[in-house]
Structures are given as structure tokens and as C-alpha cells.
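**Student:** This is the structure, below, for whatever I ask next.
Only the coordinates and a few stated rules stand behind these numbers; no lab work does. Computed from a prediction, not measured in an experiment: that's the story for all the values here. Cβ coordinates were reconstructed from backbone atoms using ideal geometry, including for glycine residues, and neighbour counts include every protein chain displayed.
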Amino acid sequence: MTAAAAFDPVADGRPAPARPASVPDANPTSSGASSGASAASSGGPPSAGDRLRALAITAIDRLAGVAATKVEELADRLGDMAADAAKGQLPGGVGGNALVKAGLAAMQGKNPVVAAVKGAVGAMSTGTKVLVALLLILVAVLSPVVLLVAALVLLVAAIVGAVKN
């Protein structure tokens, strides 16, 4: 890619960056050619410094274009989320609903953990709520058994350790 190609307007309508005085213009017919006597304007090959400078400018321009595109996409998504929130629809399913509810509770000075749990449960379907309830009941019933088994294992380990010594 030539130095002039780095300064051409991009096809998507973004303006071309301003040409630094130190970067030579490869198109001798264009206005605003560099007044310095450089190798590119005199017909010889451009120096390594000029090529590196043009490459850096091109890379920065492309990175800036990609970053601008990503920022525009994010702004569009945030705008869509704000429009949905204005209609009363919170974004992102269970996690997004929990996040929004927790943020609102934190701004109101309330407990964000409780609000996040309420928001998450509120966004779940009925079937999911039933499964979560069954899981909690199962944990409540089986946790004493697990604790009893762990206590027995520790007791046996203590007895074995005492007998070995």
C-alpha cells in the first residue's frame, strides 16, 4: 500500500485523516504536496522511514475505523436496551434482569443481592422455577446426610491416625 492510499477517503464515508507535512504525497498531481524534497516526490523509492510512517498511519486509521464501528454497534445495542426498558421489558433474560434489578436496588440504597435474586426468579419460566424449588428441597434434605458422612469420615481418619501412633 502506498502512502497516498493511506490518505484516500474511505469508502464508508469517513473523512480522510489530515496529511502530516513529513509524509510525502505519491500523487504528484494532487494539491497539498509536501514542500520538502523527499525521495518519493523526486521519483526515487521512498525511504524506509517514510514507508514505516505510512504503514503506521494506515494501521492507526484502520484500527480507529474498527473501534468506531464497535462503539457504534455498542451504542445501538444500548439504545435498543433503553427503548426496551422504557417499554417495561428488561434485557438479557435471567442474568440481565438480575443485573438490572441489582443495579437499581444499589442506586436506591437497598440490598442488591436480594434484588438480583428476585429479578432472576422473576425472569424465570414456571418450569424453571419448579426445577429450582425441587433442587433447593433436595439440597435441604440431603445436606444433613452429607454432613453426617463427612463427620464419620473424619472420625474414622482420626481413629486410624490414633492407632498408627
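**Student:** Show the residue pairs meeting these rules: Cβ distance below 7 Å; 6+ apart or different chains; first residue within the stretch 63-75 and touching a residue at least 24 places away in the same chain (Cβ under 8 Å); second residue outside any helix (DSSP H, G or I).
**Tutor:** So the pair list comes out as Gly65/Val10; Gly65/Arg14.
**Student:** Restricted to the stretch 56-96, and to residues that are touching a helix residue (DSSP H, G or I) at 6+ places or on another chain (Cβ under 8 Å) and of a type in the set (A, V, I, L, M), which residue is surrounded by the fewest Cβ atoms within 10 Å (Cβ to Cβ)?
**Tutor:** So, considering only residues that are touching a helix residue (DSSP H, G or I) at 6+ places or on another chain (Cβ under 8 Å) and of a type in the set (A, V, I, L, M), the one surrounded by the fewest Cβ atoms within 10 Å (Cβ to Cβ) is Ala85.
**Student:** Which one is surrounded by the most Cβ atoms within 10 Å (Cβ to Cβ), of the residues in the stretch 121-153 that are of a type in the set (A, V, I, L, M, F, W, C) and within 19 Å of Gly92 (Cα to Cα)? Give the steps one after another, and end with the answer.
**Tutor:** Going through the stretch 121-153, the residues of a type in the set (A, V, I, L, M, F, W, C) turn out to be 121, 123-124, 130-142, 145-153.
The next check asks that each one be within 19 Å of Gly92 (Cα to Cα); those that pass are 121, 123-124.
Values: Val121: 15, Ala123: 18, Met124: 15.
Per the stated criteria, the residue is Ala123.
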